[in-house]
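Data block below; observations after.
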């Protein structure tokens, strides 16, 4: 472990040394007055820095902050109209000196890097919301021309930004870069008592406002989890009742109802227990890590559920699955076995539901969660009445096909959100890319780790489908007839 850490740190220093060569070329060009070449070289350096900055931040937050401060100074100097050669040379020289200090293991040269006040109280990890609150306070101070207070608040933002920038970086590389440049500019302008600082702070606030609520899941996501799991539970209970009712005397119905209600009650208790347990171990310092791990565990469970659904995606397969277990219980004369079967079926669905909702915890607003649950319960109540009381037939193949697609969608999103959580926590590299898609409803982020993980899932699903297609024989008329049958629930 120690040797590995040493290699990682040495690699970060080497990365900075290699990247600094472009800064030195930009400095040499600026000293001769060739500012166009200086900008070209600096742009190349900036693109490289985007790929190596995580290692620098891990090695030294102060050095990371100092390098980014001077980078913002360079960007500001080069973007002036027209650029001032002396300012560009000074900014590039400062950046070159700061990076050399990091490479040589020396303390950062930027005075601001070691004097930044705390952004939030000790023991509390900054969030996008707390950072936006600091910007709001800074905006108010600037409006009252209290530049000293505004500068202190902006420095506090800068200190907390290191803890939340991953959330922005892994969702939009452009927002991340523009925010870093604007905040350095705002701090500089506030220090110069310039009224232009207010406009820059307002621009940053507007850009970060959409990130205040880190709600990666919607009402639809909460709704379909309960609907899918609840439908499967209803289908099990209805199929068991249908088989029992056709048996002599219709024995065992009370056992099935009793087992179902016990399974439902214990599922609710299990969900509360799981929530209490994780609520006790999850805190502000490990929230993203825990959310990422739980999301990936939920995704693994969903993969298993999806495969199980795929294997049962025919009426004949489902009939065999239910009949074998129910007939065995009836023939054995042990009606309690029917209750146990119903209990296990309902409890399994409830346990899965609890785990899936836990995977959403912290990434869905309370209103969206409650609305999704309400819609799910309402839909299940109507469907349950139609299945069990009215006796509506449920076509098995379409049901399992649609359910498999919904589960795959959830799994795809859980994987993206899970890896994203690990990225925000710093356990996984950001790997951002400007040409990768960002689609929030699908849990897609413009980063290589999330994209590769989701592509592997798609590839695995396609391989399973291809294997099934190649290995399955031609469907006979008898099997086709069985697959077109439906299960009639007990009325």
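The values are calculated or read from the model by the stated rules, or taken from the named source; none is laboratory data. The structure presented is a predicted model; accordingly, all values stated were derived computationally and were not measured. Neighbour counts run over all protein chains shown; Cβ positions are idealised from the backbone, glycine included.
Tally the residues that are touching a residue at least 40 places away in the same chain (Cβ under 8 Å) and not in a loop (DSSP other than H, G, I, E, B), restricting the search to region 75-105.
Here is the first cut: in region 75-105, the residues touching a residue at least 40 places away in the same chain (Cβ under 8 Å) are 75-76, 78, 83, 85, 88-89, 92-93, 95-96, 99-100, 102-103, 105.
Next, from what is left, pick out any that are not in a loop (DSSP other than H, G, I, E, B): 75-76, 78, 85, 88-89, 92-93, 95-96, 99-100, 102-103.
Here the count works out to 14.
From the list 240, 269, 235, which residue is more than 11 Å from residue 347 (Cβ to Cβ) and either at pLDDT 75 or above or in contact with a strand residue (DSSP E or B) (Cβ under 7 Å, 6 or more places away or on another chain) (or both)?
Going through 240, 269, 235 in turn, the sole match is 235.
For region 337-385, which positions are without any contact (Cβ under 8 Å) to a residue 60 or more places away in the chain and either within 15 Å of residue 217 (Cα to Cα) or not in a helix (DSSP H, G or I) (or both)?
Once the filter is applied, which keeps residues that are without any contact (Cβ under 8 Å) to a residue 60 or more places away in the chain and either within 15 Å of residue 217 (Cα to Cα) or not in a helix (DSSP H, G or I) (or both), region 337-385 yields 366, 367, 370.
Quick grid of which residues meet (1) assigned by TED's automatic domain parsing to the domain that holds residue 292; (2) modelled with pLDDT of 75 or more; (3) farther than 20 Å from residue 229 by Cα:
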residue: 373; (1), (2), (3): yes, yes, no
residue: 377; (1), (2), (3): yes, yes, no
residue: 384; (1), (2), (3): yes, yes, no
residue: 406; (1), (2), (3): yes, yes, no
residue: 412; (1), (2), (3): yes, yes, no
residue: 420; (1), (2), (3): yes, yes, yes
residue: 430; (1), (2), (3): yes, no, yes
residue: 437; (1), (2), (3): yes, yes, yes
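Quick one: is residue 41 modelled with pLDDT of 85 or more and under 21 Å from residue 90 (Cα atoms)?
It is true that residue 41 is modelled with pLDDT of 85 or more and under 21 Å from residue 90 (Cα atoms).
Please state which one of 37, 48 is over 23 Å from residue 423 (Cα atoms) and surrounded by fewer than 22 Cβ atoms within 10 Å (Cβ to Cβ).
The conditions single out 37.
Hey, residue 171 hits all of (1) in a helix (DSSP H, G or I); (2) modelled with pLDDT under 85; (3) not assigned by TED's automatic domain parsing to the domain that holds residue 342 but one; which does it fall short on?
(1)
Give the residue, chosen from 162, 208, 231, that is under 32 Å from the mean Cα position of the chain (by Cα) and within 30 Å of residue 352 (Cα to Cα).
Selected residue: 231, the only one of 162, 208, 231 that is under 32 Å from the mean Cα position of the chain (by Cα) and within 30 Å of residue 352 (Cα to Cα).
Anything in region 453-483 that is assigned to a helix (DSSP H, G or I), modelled with pLDDT of 50 or more and more than 30 Å from residue 172 (Cα to Cα)? List them, or say none.
Pass one, region 453-483, residues assigned to a helix (DSSP H, G or I): 453-471, 477-483.
Pick out the ones that are also modelled with pLDDT of 50 or more and you get 453-471.
Passing the criteria: 463, 464, 465, 466, 467, 468, 469, 470, 471.
Taking into account only those residues within region 188-202 that are assigned to a helix (DSSP H, G or I), in contact with a helix residue (DSSP H, G or I) (Cβ under 7 Å, 6 or more places away or on another chain) and modelled with pLDDT of 85 or more, which is farthest from residue 433 (Cα to Cα)?
Among those residues, the one meeting the criterion is 190.
Given the residues 450, 486, which is the only one that is at pLDDT 75 or above and touching a strand residue (DSSP E or B) at 6+ places or on another chain (Cβ under 8 Å)?
Values: 486 fails: at pLDDT 75 or above.
From the options 450, 486, the qualifying one is 450.
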